[in-house]
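See below for the structure under consideration.
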Amino acid sequence: MSRLLFPNIMPYQQEWLDVGDGHQVYLEQSGNPNGIAVIYLHGGPGAGASEKHRCLFDPDIYRIILFDQRGCGRSKPSPSLQHNTTTHLLHDLSRIRQHLNIAQWLVCGGSWGTTLALLYGLQQPETVLGFILRGVFLGTASELDWLYSQSGAAGFFPEYYREFIKQLPANTNPSTDNILTNYYQALTGSNEVAAIAASKAWCLWELRLSSIEHHNIDIQQIDDPHQALCMAKISSHYFVNNCFIDGNYILSNLQLIKAIPAIILHGRYDMGCQPQQADRLVQAWQNARLQILPQAGHSGFETQTVDGFCQAADTMATFIQEQGRNQ
């Protein structure tokens with residue numbers, strides 16, 4: 001029988017943490033204040049945390065920490081591209097850990113959140129108890145090509161891709177660079193109507209790639225213009241800048257976290273992030289275990305993905321508790 005999400009609980013603490021550069025990030029804690037500290041890193045970039053992310057962890061065991069990355073969601077200002085790079089996000093993670101007086105925590109994430117989790121681990125491995133990563137994205141040029149060029153996911157969703165590029169000037173060369181640059185210009189330009197239209201089209205394309213359980217997704221389901229603008233504007237900002245990391249940085253430096261245990265979950269039919277990236281990661285990481293979900297896509301809340309993630313969180317809790325007893 002498939003595991004279900006834990007019941008939704010209210011946070012016991014919510015705050016806006018000043019991280020510098022004029023940014024305050026929304027930060028919340030729920031579950032057991034004396035439990036195993038776990039932080040969940042949302043995707044996008046720019047998607048914001050969801051209350052459903054609390055429900056992936058047993059609230060009796062875990063001290064559950066969620067936050068909206070700078071410039072998006074409930075963080076202030078939002079949306080904002082100022083002082084917003086991968087280096088800034090890693091700084092914010094360190095600031096949160098220190099602010100909450102946490103020596104070590106379990107680091108989890110989905111999609112772009114896996115990129116950020118891995119980069120954080122490479123930077124501060126001594127603070128990481130383990131990883132649970134769902135829908136691996138390594139921030140490489142080939143992954144961006146898959147998402148935005150005609151030769152990637154567009155081959156599976158040609159009619160949706162035509163809708164996606166309809167927002168662009170008619171003479172746009174359909175290369176990844178040109179598509180991302182044109183979207184970025186529309187999203188950051190002075191024409192607010194054009195920016196809202198582009199943001200909805202961007203989010204609709206990604207939403208249609210995300211799930212194999214939900215069909216007939218149309219523009220009416222993009223019902224939060226603020227969230228859509230945050231997601232599209234910040235994602236395009238990161239992607240035109242190659243995620244602010246060198247191409248193969250994560251795999252090239254994996255030895256820095258080789259001793260840290262990781263559970264990797266990836267949908268067999270993930271059209272947003274290719275399963276081969278998760279396989280490449282695990283082949284190079286002795287302490288990582290890959291679970292391919294045979295009937296799942298990219299969404300974090302499909303039936304098999306929820307089941308796999310909740311089981312992974314239970315497994316990690318048992319491992320961390322045993323390690324603590326043996327020390």
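The values are calculated or read from the model by the stated rules, or taken from the named source; none is laboratory data. Quantities reported herein were computed from a predicted structural model and do not represent experimental measurements. When we count neighbours, we look across all protein chains shown, and the Cβ atoms used for this are built from the backbone with ideal geometry, even at glycine.
Have a look at ASP314, ASP279 and point out the one that is of a type in the set (Asp, Glu) and closer than 22 Å to GLY139 by Cβ. If you could, list the steps in order and put the result at the bottom.
Values: ASP314 fails: closer than 22 Å to GLY139 by Cβ.
None of the others qualify; the one that does is ASP279.
Counting just the residues of the stretch 1-59 that are among the hydroxyl-bearing types (Ser, Thr, Tyr) and part of a strand (DSSP E or B), which one comes out surrounded by the most Cβ atoms within 10 Å (Cβ to Cβ)? Quick ask: steps written out before the conclusion?
Of all residues in the stretch 1-59, those among the hydroxyl-bearing types (Ser, Thr, Tyr) come to 2, 12, 26, 30, 40, 50.
Narrowing the set further to residues that are part of a strand (DSSP E or B) leaves 26, 30, 40.
Numbers: TYR26: 21, SER30: 23, TYR40: 25.
Among them, the one singled out is TYR40.
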*Answer yes if at least one residue in the stretch 238-246 is under 30 Å from ALA186 (Cβ atoms) and either at pLDDT below 95 or in contact with a strand residue (DSSP E or B) (Cβ under 8 Å, 6 or more places away or on another chain) (or both), and no otherwise.*
yes
*asked:* So, in the stretch 166-186, exactly how many residues are surrounded by 19 or more Cβ atoms within 10 Å (Cβ to Cβ) and farther than 19 Å from ASN242 by Cβ?
replied: 3
*Identify the single condition in (1) part of a loop (DSSP other than H, G, I, E, B); (2) under 26 Å from ARG280 (Cα atoms) that ARG70 does not satisfy, given that it satisfies every other one.*
(2)
*Working only within the stretch 244-280, note down all residues that are closer than 19 Å to PRO294 by Cα and either exposed (fewer than 15 other Cβ atoms within 10 Å of the Cβ) or of a type in the set (A, V, I, L, M, F, W, C) (or both).*
ILE263, ILE264, LEU265, ARG268, MET271, CYS273, GLN276, ALA278
*Search the stretch 278-293 for residues that are of a type in the set (Lys, Arg) and pair each with any residue that is surrounded by 15 or more Cβ atoms within 10 Å (Cβ to Cβ) when their beta-carbon atoms are under 6 Å apart and the residues are at least 6 apart or on different chains.*
ARG289/ILE263
*Do we have any residue at all in the stretch 189-201 that's within 17 Å of TRP112 (Cβ to Cβ), at pLDDT 95 or above and not assigned by TED's automatic domain parsing to the domain that holds THR315?*
yes
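Just a yes or no: is a residue in the stretch 250-260 assigned by TED's automatic domain parsing to the domain that holds PHE301, outside any helix (DSSP H, G or I) and hydrophobic (A, V, I, L, M, F, W, C)?
First, pick out the residues of the stretch 250-260 that are assigned by TED's automatic domain parsing to the domain that holds PHE301: 250-260.
Within this subset, residues satisfying the condition of being outside any helix (DSSP H, G or I) are 253, 258-260.
Retained after the next criterion (residues that are hydrophobic (A, V, I, L, M, F, W, C)): 259-260.
Looking through the stretch 250-260, at least one residue is assigned by TED's automatic domain parsing to the domain that holds PHE301, outside any helix (DSSP H, G or I) and hydrophobic (A, V, I, L, M, F, W, C).
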